[in-house]
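Notes follow the structure.
The values are calculated or read from the model by the stated rules, or taken from the named source; none is laboratory data. Keep in mind that what you see is a predicted model, and the values were worked out from it rather than measured. Here the Cβ positions follow ideal geometry from the backbone for every residue, glycine too, while neighbour counts run over all protein chains shown.
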Amino acid sequence: MWLVSRAAPSLHFDVPAHNWLAIVLVSVGFLTGVSGVVTFLRAKTTVDPTKPRASSLVTWGVYAISRNPMYLGGLIMLLGWAIFLLNALAFLFLPVYVLYINRFQIAPEERALTSLFGETYVAYQMRARRWL
């Protein structure tokens, strides 16, 4: 995002108090992601997305709202960064991030969790949204 905002022609636009808005969004995103990690640690399950060998299905805390608060936190932080940069091209990275994470992280994790927890996970998918 930063390289694109510096290298590409500026498609600048104004957002009132954009620095404060960016700080708030990055903070909210960080706290969202950290709350997901802390909840996993309390449940004594893995936070490593490359090793979806969960010891328990975490459905409380922030996971009652979003099945993927760590990825959601990353998206919110990227939104804050795009607002800070004030370059319209930086916003193109947001859907790219969502598409990439959905395809290469979330989909394999959901297959693994369905295999591990079966109908319990499927029921959880019906209660909590993938992102928000």
State whether one or more residues within segment 69-86 are surrounded by 14 or more Cβ atoms within 10 Å (Cβ to Cβ) and either touching a Cys at 6+ places or on another chain (Cβ under 8 Å) or free of Cβ contacts under 8 Å to residues at least 40 places away in the same chain (or both).
yes
Checking the structure you have, find out if any residue of segment 88-111 is touching an Asp or Glu at 6+ places or on another chain (Cβ under 7 Å) and under 16 Å from Arg130 (Cα atoms).
no
Against the definition (closer than 30 Å to Ser5 by Cβ, polar (S, T, N, Q) and at pLDDT below 95), how does Asn102 come out, yes or no?
no
